[in-house]
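Since the structure comes first, as structure tokens, the remarks are kept for the end.
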Amino acid sequence: MTFNEGFLWGASTAAHQVEGNNVSSDWWAREHGHLEGAAPVETPSGDAADSFHRYPDDMRLLRDAGLDSYRFSVEWARIEPEQRFISRASIDHYRRMVDTARDLGLTPMVTLHHFTSPAWFAREGGWSDPRSVDSFARYVARLEQLLTDVELVCTINEPNMLATIMADSNREFSGIGIPPGDGPITEHLISAHQMATAIVRGWGKQAGWSVATQAFQPEPGFEDAADEWSRTREDVFLDAAAGDDWVGIQAYTRTRIGEGGPLPVADGAETTLTGWEYYPPAIEVGIRRSWERNGTPIYVTENGIATADDSRRIDYTRGALEGVERAIADGIDVRGYLHWSALDNYEWGSFTPTFGLIGWDPETFERQPKPSLAWLGEVARRGGLS
Ligand code: BGC
């Protein structure tokens with residue numbers, strides 16, 4: 001059997017995308033136009049999926065379907081809503097989430113930073129400011145009790161997307177024309193990851209960070225350009241995972257590189273609700289690239305598609321898992337597959353791209369599990385596709 005015993009089968013979420021009312025965060029401030037200099041956001045997150053209150057139901061649905069793990073993030077802006085003011089109650093809240101997962105028999109994987117930061121941190125310049133590293137380490141140092149019974153800690157989600165988004169939206173800090181992987185934001189993120197790793201390893205945890213892999217594929221003649229694109233947007237971050245306990249690989253689609261950089265999706269290719277090309281092999285490409293660069297054990301921490309047609313989600317996921325199987329058969333150490341996402345959620349400015357295995361009623365928040373949840377749960381129970 002390709003998937004070892006102990007292989008994790010699960011689903012992922014991020015606090016800001018599902019909890020609702022993350023009012024002390026930089027994203028909330030952006031959504032409501034009070035973060036100076038930040039680009040406006042189309043739709044605010046509001047109550048999101050109200051998972052802040054409904055997380056026990058969400059976890060139970062995953063468990064009942066047959067999954068055995070849940071990746072979620074704890075929200076720095078709730079834990080430290082004002083600089084150096086730590087909310088005991090927020091730590092207790094996340095502690096209860098860990099306990100709930102454990103009581104249900106789900107292995108919790110806890111992300112410490114998933115795109116959002118406290119608004120005070122953003123006002124100091126966020127990750128472009130050198131103080132960011134110490135601020136983050138100070139926050140992480142307060143999480144020991146929260147992380148009791150958690151073995152897998154993801155320090156920072158998609159530092160490469162974070163750096164790219166900040167470099168694109170905040171040129172004043174990043175330096176015009178500097179590719180994300182070469183700028184100060186990346187230096188700070190890597191240092192913050194290393195400090196957080198040292199802290200949580202001190203508590204006996206296994207630490208890693210999760211990287212967005214983008215399957216950069218050159219058009220003929222653009223091999224060097226694709227390599228350079230990949231170096232600054234992906235490889236720097238994969239290389240920084242060398243020596244970590246594990247690395248999270250996340251992939252959704254591919255990016256063809258040609259004249260001027262990324263090319264639009266080819267005419268006639270199937271696209272998803274995010275406008276990305278339907279491309280199930282993306283995760284296999286990301287897994288192989290990571291393994292070649294760092295040799296670090298891998299968890300697939302995100303993979304999925306935004307679609308209103310759940311049968312395409314099943315088809316995509318089957319295709320992706322076939323790629324994971326091929327990678328394992330070639331000797332690559334892949335230890336789990338956590339689908340993005342457990343729930344339809346707030347896709348950073350819009351609720352339209354639905355990535356969830358579980359939908360919900362916008363008036364009542366009543367959960368509506370989709371056939372893909374039962375399908376993935378069945379794969380998990382069988383321990384593989386066949
Ligand atoms: C992020 C998620 C996001 C997903 C789909 C990843 O970049 O970690 O927050 O919802 O991709 O866009």
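Quick one: with all protein chains in place, what share of the accessible area of the range 323-386 is carbon or sulfur, to the nearest percent (1.4 Å probe)?
51 percent
Quick check on packing: order 115-124, 286-295 by the mean number of other C-beta atoms within 10 Å, highest mean leading.
115-124, 286-295
Which ³J(HN,Hα) values, rounded to whole Hz and listed in residue order, are derived for the range 286-296 from phi using the Karplus coefficients 6.51, -1.76 and 1.60 in 6.51 cos²θ - 1.76 cosθ + 1.60 with θ = phi - 60°, glycine and proline given as x?
Running phi through 6.51 cos²θ - 1.76 cosθ + 1.60 with θ = phi - 60° gives x, 4, 5, 5, 4, 4, 4, 7, 10, x, 8 Hz.
Per residue, how much accessible area does the chain show when a 1.4 Å probe rolls over the protein heavy atoms, in square angstrom?
39 Å²
Show the residues, 5+ positions off or on another chain, whose built amide H is closer than 5 Å to the amide H of Gln217.
Thr255, Arg256, Ile257
Which percent of the accessible area of the range 197-315 is formed by carbon and sulfur heavy atoms (probe 1.4 angstrom)?
It is 49 percent, rounded to a whole number.
How large a share of the accessible area of the range 81-175, in percent, is made up of carbon and sulfur atoms when the probe is 1.4 Å and the other protein chains stay in place?
Carbon and sulfur: 48 percent of the exposed surface of the range 81-175.
Between beta-carbons, use under 13 Å as the cut-off and find the net charge around Leu238, counting Lys and Arg +1, Asp and Glu -1.
Overall, the nearby charge balance is -1.
Got a sec to turn the phi values of the range 71-84 into Karplus ³J(HN,Hα) couplings, 6.51 cos²θ - 1.76 cosθ + 1.60 with θ = phi - 60°, whole Hz, x for Gly and Pro?
Once θ is set to phi - 60°, the couplings for the range 71-84 become 9, 9, 10, 9, 9, 4, 5, 8, 6, 10, x, 10, 3, 6 Hz.
Within 10 Å, count the other beta carbons around each residue, average over each peptide in 94-104, 6-16, and list them highest first.
Averaged packing, sorted descending, gives the order 6-16, 94-104.
Antiparallel as a % of all DSSP beta bridges within the chain, to the nearest 5?
Antiparallel bridges: around 20 percent, rounded to the nearest 5.
Which order, highest average first, do 263-269, 298-304 follow once you tally other Cβ atoms within 10 Å for each residue and take the mean per peptide?
The densest-packed peptide leads the list: 298-304, 263-269.
What shape does the range 1-103 take by its C-alpha gyration tensor, where a ≥ b ≥ c are the square roots of the eigenvalues and a/c under 1.5 counts as rounded, a/b above b/c as prolate, and the rest as oblate?
prolate
Specify whether the C-alpha gyration tensor of the range 186-320 places it in the rounded, prolate or oblate class, a ≥ b ≥ c being the square roots of the eigenvalues: rounded for a/c under 1.5, otherwise prolate if a/b is larger than b/c and oblate if not.
oblate
Could you give each residue of the range 222-237 its phi-based ³J(HN,Hα) in whole Hz, using Karplus coefficients 6.51, -1.76, 1.60 with θ = phi - 60°, and x for Gly or Pro?
In residue order, the calculated couplings are 10, 4, 5, 5, 5, 5, 5, 4, 5, 4, 7, 10, 8, 5, 3, 7 Hz.
Using a 1.4 Å probe on the protein heavy atoms only, what accessible surface does Glu82 show? Give it in Å² to the nearest 10.
My reading of the accessible area for Glu82 is about 120 Å².
The values are calculated or read from the model by the stated rules, or taken from the named source; none is laboratory data. This one's a predicted model, so the numbers in the text were calculated from it and none came from an experiment. So basically every Cβ, Gly included, is an ideal-geometry build from the backbone, and we count neighbours across all protein chains shown. For accessibility, only protein heavy atoms count, side chains too; no ligands or nucleic acids. Shrake-Rupley method; radii C 1.70, N 1.55, O 1.52, S 1.80 Å.
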